[in-house]
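Report on the structure given below.
Taken together, the values in this text are just the output of simple stated rules run on the coordinates, not laboratory data. What you are looking at is a predicted structure, and each value in this text was computed from that prediction instead of being measured. Cβ placement follows ideal geometry from the backbone for every residue including glycine, while neighbour counts extend to all protein chains displayed.
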Amino acid sequence: MARRERITIAVLGLGGQGGGVLADWIVQLGEANNYVAQGTSVPGVAQRTGATVYYIEMFPAGCASAPPVLALMPVPGDVDVVLASELMEAGRAILRGFVSKDTLLIGSTHRVYAIDEKSAMGDGRASGERILAAAQERARRFIGFDMDDAAARTGSVISSIMFGALAGSGILPFPRAAFEDAIRAGGKAIETNLQGFAAGFDAAQGKGGTPQETPRATAPTTAAGRALLARIEANLPREAHDFAVEGVKRLMDYQDAAYAALYLDRLEALGTDPALLTEAARHLALWMSYEDTIRVAALKVRASRFARVRAEVKAKDDQIVELTEYMHPRLEEVCETLPTPIGRRILASPGLTRRLKPLFAKGRHVETTSLRWFLMLSLLAGWRRWRRGTLRYRIEQARIEAWLALARAAEPDVAVEIVKCQRLIKGYGDTFERGLGNYERIVERYRKGGLAAADIARLREAALADEEGQALDQALAS
Amino acid sequence: MAERSFKAEVEQLKLGDGEPFHGEGILAVTKALLQAGVAYVGGYQGSPISHLMDVFSDASDLMAGLGVHFESSASEATAAAMLAASVNYPLRGAVAWKSVVGTNVASDALSNVASGGVTGGALIILGEDYGEGSSIMQERTHAFAMKSQMWLLDPRPSLPLIVDMVEKGFELSEASNTPVMLELRVRACHVTGSFTARDNRRPPLTVAEAAAAPTRDTNRIVLPPANFLHEVEKIEKRWPAGIDFVRRHRLNEHFGTERDEIGIIVQGGLFNSLNRALELLDLSDAFGNAALPVYVLNVTYPLIPDEVQAFCAGKRAVLVVEEGQPEFIEHELNTLVRRADLQTRIIGKDVLPRAGEYTAAVIKDGIARFLRAHAPDRAPAEEPAQPPALPPGAVPQRPAGFCTGCPERPIFSAMKLVQKEVGELHVSADIGCHLFSILPPFHIGNTTMGYGLGTAGASAFKPEGKRAVAIMGDGGFWHNGLTSGIGNAVFNQDDNLTIIVDNGYSAATGGQDIPSSRARPPHRQTNNPIERAVRGVGIGWAQTRTRTYDVAGMRDAIRDALTSPEKGPKVLVAQSECQLNRQRRIKPQMAKALRAGERVVRERFGVDPDTCTGDHSCIRLSGCPSLTIRSNPDPLRQDPIAHVENSCVGCGVCGEVSHAAVLCPSFYKARIIANPNRRDRLRHRLRGWVIGALQQRSARRLAARAF
C-alpha cells in the first residue's frame, strides 16, 4: 500500500503543563489548513499529578476520498512527532516504543521529580543522562532544551514553548503564521503565548543563547582570609583545596578566623592521604558549622536573604513582602544555646525540665519582618560571640573529636568511609536525633571491630533507605 | 462548579439542520439526544462520564427550553430508577454513568426495568472505563447486558456513527421494549470530530404531561405473576424483535473485501485500532479498505445469528478481536457456528492476550499470529525484537497524588503523626481523591470496597483497645455512605472512627456540587451539613473541624476520637474547600482586584536553601506537588534540598507540618501585598529604616571577618 499521508503526533505531559491546550492548538492548526484533524485524551489523570498522553492525527482533506479512519492512541513505530514536556516523560515515550527511527522527538530537558525521587532520605533522583543518550540513539532527530526555563524567561507556559518548537522543527507542512493563528484562535493569554512560541521556535532552530555560568570567585578579601588560604595551599593536597577553601569561608562566616584555623589544624592532623583529606575537608566543615539556634537566626535576618526571598516569590518592586518563619525551638535547643553549666543543670533537673518544657511545646510563628522579632533574632545571632561557651558547642566539639580520633586511627580507605558518615547527621529536632542515632549505631558497630570500608558504606546506605531504620536494623544484624 | 465549563461549547447544541458540528464525543452525544426528542436525562458523574454530566448541566437552560427534564442523580441507582418513567409512557429517557462500577451500583434498578420492559426508548450511556486510568479494569459491562438482557451498543469511534447510534438506540429500545446500553470508551468520549447536525426536537410527550395523566399497567410491575410473564416475553417477543431491528437497520457494518477464506470480527469500539494494525501489516489503508473481510459489531449484544452465519460460511478461520475477559462474544460465536454446522475455526484469545488493553500494537501482534497459523502466505515476516532502549526502572513512576494545596493532604499528615504515637492503624479507605493516601508518601489505607463504603468496610472490626479508622468523602457520603456506613455503624454499635472529608464538591469526578456544597447553584438545594445528617441517624460523638490545614489540630482531634472513653461510632468531619475549585473560584477575582488597583494579599511558602539540610522529612509528610527538590546550592552538601515552586498556593501545610512534627526552621511564609494601602506603606517604611540599618551594620561586621 502507498506511503501514508497522515501525520501523527503524541504529547506526553504532566498535570498543569497545558498539554490539553497544546493538543487543541495542533488540532486547530490542522483543521484551519485543510486537514482532517482528530485529538483524544484521558482528562483528569494528568490533573492529579499523574502522567498522560494526548494524541493527534491529521489527514490531508484533499487526499481523502472517504472519511479516514483515525486511531485514538499512538502506535509504536507509527508516531511522527513526540512532544514530551519533561525529561522523564521523554524517557517514558521511548520506553513505550513511541519513539522510533522515523520519529522527531521534541523534549524538555528539565526535571519534574516524581514522589519517590523527592522523598528519598538522601539523593533519590533518577539519572537523566541515560534518557538523553536513549533519545539521541532512538529518534530520527531529537530537539531537546530546557523548556521550563524558556517558559520562565518569557513569562509564558511550557505548552507555548512546545508549540513553538514544533513549528521551529519544520516537520509540519504549515508556515509559522499558521501556528500563530492557532494560538490567536485559542483566544487565551495570546500575547504571552506568542512570546513563549517565539522562544520555542528559536530554540528549535538552534538560536537563542544559553545563559552563561558565572565562575565562583575564590579570592580572599581580608588578611585573615589570605593567611588561611596560604596555609591551605602549603599544607593540604591539591585535591582537597576546593572543599577546604569552602570550609574556611563557611567557618569564618559561622564563627571567626580562629575557628577556621581550628578546622585546618584538625584537617592537617589527619595525615596526607588526598582522598581522605578531600572528604574530611567537606564533612568536617559541615559538622563544625552545625545548625544551632544562633546560626539559624543569623541566616534568617541577613539582607541577602531578604533579597533572595523577594526574588523567589516574584515580588514586584512596588509590592511589600512580609515573612513568617515556622520555628520550633524545644527546651533542648534553648538549653543548648545557654552557657554550659546553666544549660546542663536545667536539662539534668527533672523538676525544672518538667516545668519549663510546656513553654517550648508549641511551634512559633516568627515574623522576621516585624521589629520585635527582627530584634530578637538579631540579638540571638549576636550571641555568636559567646558560642564557645554554649552547651551545644561543648557537645559538638566532643563528638567531632571522637569522630576524628576514629578516622586518625584507621587505614585511609576505612577512614574515608568513617568521615563520610557525617552525611547522616542533618536536620533539626527529631530528624537530627534520628540521623545522629543512626550514625552512632554504625560507629558503635565499628568500634566492636570487623567492619571493612565497604561494610561501612553499606551501613550508611542502609541508614538512608528508610525513616523507621528497618534497613539499618537488617544490615546491622547481618 | 465543575472542573471544566462547557458554556461556550453548548452553543453548538443549538445547531440546526445541515449545519456542521465540530467538537468532542460527549457533546455529540448530547446533541444526538436532543435531536432524538429525549424527554428526560439523568446520571452520575465519574470518568469518563463526568464531562458528559457537566455538558448536560451547562446545557440545562437549553434543555429546559425544549421541555427536557435534567437532574444530577444522587447515585447510579437513582439514575437507573429514573428510567421507570419510560415503563408506562412513550417518553424517551437517557441516563449516564461510569461503568463497570456505576453499573454495579445501578444493577438493582436495571434488573427491574429490564424485567418489566419499556414503552418509551430507554438509553443508558456508559463510559466504559477500561485501560489507562481505569478502576476495575477486569470486569465487563457485557456481563450485565447478558444477565439482564439489555442490548449493548459499542459503536465504531466516529462521530457521525455515534450520533446515529443514539437515535437508533432509542428506536431499538422501543421496537423491542428493552433498555439499550450505549458503551463509549474513554478516548471515544473525548475524541474530536465533525458531523452534520439536525434540528433539536421537543419531546412529543414531556414528563410533566405524563405526570398529569398517569396510566398504569400492572403487567409491567415486577411482582408475581407478571414477572413470570416477563421472562417469557423477553425470550419470545423482545429478543426476536431486537435481533430483527438490528438486522433490518444494518447496525453492524462490513468493511474490506467480500469473499475470503479468512476474516475478522471486531467490537465496534476497537475498529479504528484494528484498521491501524491492518494498515501497519499492509492489509488495509487509511479508509478501512481492508484486504480481507471485516465484520464490525456496533451491536455487541445480542449477536445476529444470520449475519454471523453468512460471514463465517466458506471461511476456514475467523479472528475475533474482543477486549476483556471472559470472552463472551467468542463463546457465543462458537455456539452459533456449531449450530449452523459450519467448520469455521473461531480464533480469539489463543492469539490475543487474555488481559490488558487492546492497543493497535497488541492487535497487530495478534493478527500476525493468526495469519501465521491460518494464512501463512499472507503473514508478515518475523521481525527480530529491538532491544529496549531503556530498562523500565530508568523512568520513575508517577502515581497520582493530591493536588497542590489539597486540603486532604494534611488529614493524612496528621494521621501519620498519630500513627507515630499509637502505632499502625487499620484504615478502611473509600473511593475519591482521598484514596491517594494509599500511595507514597502516606502509605495509609488497607482496603477499599466501593464508593461510600469506607465505614461499611470497617464494620467487621470490633475493636478491643485499638479502634479502626474509616475514610469517606463527602461525595461517597451522599452517594450511599450515610445509610450503608454511618446508619449501619450506629445500628450495629460500632466503635470505630469515620473521618469524612468534606471539601465541598464531588471533587474526584471533577468538582460537581453535592448536597453539602457551600455554593448556591440556582437549580439545587445545597448547604445541608454533614454533621447534622450523621447526628440525625444517631451518631453521638461527632466533631467538625473547619480547617484541615491545621495539622496539629487535626492530629489532636484524631487522637481524641481514637482514645475517647466514649463507646459508639465516632465521626470527624474534616472541612476545607477543594483547592482546585477554590483556585478556579478566586483566581479570576484576584486578577480583577489587581487590575482595579485594589490591595491584594498573596501568600506562598518557600525554603531557605542555607538552613535546609536535605533530609526531605517534610516531603515524606506532605507530598505536595509544589514542594519539590533541587540541587543543593551549597558546594559542601550533597543531598538535594527542598524547594517550593511558584505554583504554591500558600495553603500553609508545609509550615504546619514542620511545626507539628518538629522538623526544621527552613520554611517561611511570604505575604506579598500588592497595591499596599497607606498603613502598609507607613509600617513598611518604619520597619525598613530600623531593619535596614541593623542589616547594614551586620553586613559590615560579616565583611570584616569574611574570607
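Just a few scattered comments:
- Those aspartates and glutamates that a straight Cα-Cα span of less than 17 Å connects to B:K315, excepting residues fewer than 8 apart in one chain: B:E258, B:D260, B:E261, B:D306, B:E307, B:E330, B:D341, B:D377
- A:R408-A:D430 FRET efficiency (beta carbon distance; Förster radius 51 Å; 0.05 resolution): 0.95
- Nonlocal amide H pairs with B:S284, under 5 Å, H built at 1.01 Å: B:E279, B:A291
- HN-Hα J in Hz across segment A:401-413 - Karplus 6.51, -1.76, 1.60, θ = phi - 60°, x for Gly and Pro: 4, 5, 5, 5, 4, 4, 5, 5, 7, 9, 5, x, 5
- Value of relative contact order over segment B:433-579, rounded to a whole percent, pairs C-alpha under 8 Å and six or more apart: 24 percent
- Taking chymotrypsin sites (Phe, Trp or Tyr not before Pro) across segment B:496-598, none is in a DSSP loop with at most 14 further Cβ atoms lying within 10 angstrom of its Cβ.
- Candidate aspartates and glutamates for bridging to B:K416, where Cα separation is under 17 Å - those fewer than 8 sequence places away on the same chain excluded: A:D430, A:D466, A:E467, A:E468, B:E408, B:E424, B:D550, B:D556, B:D560, B:E656
- Excluding same-chain neighbours fewer than eight residues apart, the lysines reachable from A:K314 by a Cα-Cα span under 27 Å are A:K118, A:K188, A:K300, B:K587, B:K592, B:K669.
- Sequentially through segment A:155-164, phi angles give Karplus couplings (6.51, -1.76, 1.60; θ = phi - 60°) of x, 10, 10, 5, 5, 6, 5, 5, 5, x Hz, Gly and Pro residues having no value and appearing as x.
- Label-zone membership for segment B:638-679, site A:K314, 7 angstrom Cα→C-beta point, backbone N under 14 Å: B:644-650, B:672
- In chain B, Rg over Rh equals 1.04, where Rg is the alpha-carbon radius of gyration and Rh the Kirkwood radius from pairwise Cα distances.
- Residue mean of other protein chain beta carbons inside 10 Å, B:405-412: 0
- Zone of A:Q470's modelled label, taken as backbone nitrogen in segment A:434-449 under 11 Å from a point 7 Å along Cα→Cβ: none
- Rounded to the nearest 20 debye, the dipole magnitude of segment A:293-390 is 440 debye, with +1 charges on Lys and Arg beta carbons, -1 on Asp and Glu beta carbons, and the Cα centre as origin.
- The helix-only estimate of mean residue ellipticity at 222 nm for chain B, built from DSSP H runs of length n ≥ 4 each weighted as -39500 (n - 2.57), is -10500 deg cm²/dmol after division by the residue total.
- Segment B:341-395 and segment B:47-110 have Cα centres separated by 39 Å.
- Scalar couplings 3J(HN,Hα) for segment B:345-358, obtained by applying the Karplus form with A = 6.51, B = -1.76, C = 1.60 to θ = phi - 60°, are 7, 9, 10, x, 5, 6, 10, 10, x, 6, 10, x, 5, 8 Hz; x denotes Gly and Pro.
- Peptide-level mean, for B:281-287, of C-beta atoms on other protein chains within 10 Å: 5
- A:D265-B:Q493 pseudo-label distance in nm [points 7 Å out on the Cα-to-Cβ vector]: 7.5 nm
- Extension gain, A:A348 to A:A452, is 33.6 nm, computed as 0.36 nm per intervening residue step minus the present C-alpha separation.
- If you plug the beta carbon distance of A:S127 and A:E401 into 1/(1 + (r/R0)^6) with R0 = 30 Å, you get a FRET efficiency near 0.20.
- Seen from every direction in turn and averaged, the convex hull around the alpha carbons of segment B:409-581 projects onto 9.0 nm².
- Inter-label distance, nm, simple model (7 Å from Cα along the C-beta direction), A:K357/B:E383: 6.9 nm
- Evaluated over segment B:9-248, the count of Lys pairs having alpha-carbon atoms less than 27 Å apart is 13 (only pairs 8 or more residues apart or interchain).
- Cα-based Rg of segment B:573-617 normalised by 2.2 N^0.38 Å, two decimals: 1.74
- Charge dipole magnitude, Cβ of K and R +1, D and E -1 - the protein assembly as shown, Cα centre, debye nearest 20: 5160 debye
- Approximate spin-label separation A:H365-B:E464, in nm, with each point projected 7 Å along Cα-to-Cβ: 4.7 nm
- Farthest towards the positive end of the charge dipole of segment B:9-248, among the residues B:V113, B:A188, B:V10, is the Cα of B:V113, using unit charges on the Cβ of Lys, Arg, Asp and Glu.
- Per-residue shielding of B:435-442, expressed as the average number of other chain Cβ atoms within 10 Å of the residue Cβ, stands at 2.
- Dipole magnitude of segment B:327-382, debye to nearest 20 (Cβ charges: Lys/Arg +1, Asp/Glu -1, about Cα centre): 100 debye
- Summarising the overall dimensions of the protein assembly as shown from its C-alpha atoms, the Rg and Dmax are 34.0, 107 angstrom.
- Ratio Rg/Rh, restricted to segment A:239-286 and using Cα atoms, in which Rh is the Kirkwood radius: 0.94
- Under 19 Å from a label point set 7 Å out along the Cα-to-Cβ vector of B:Q343, the amide N atoms of segment B:249-291 belong to B:260-263.
- Sparse-neighbourhood loop sites, trypsin sites (Lys or Arg not before Pro) in segment B:118-205 - DSSP loop, at most 16 other Cβ within 10 angstrom: B:R201
- Theoretical FRET efficiency, 1/(1+(r/R0)^6), r = Cβ-Cβ of B:R524 and B:E171, R0 45 Å, to 0.05: 0.85
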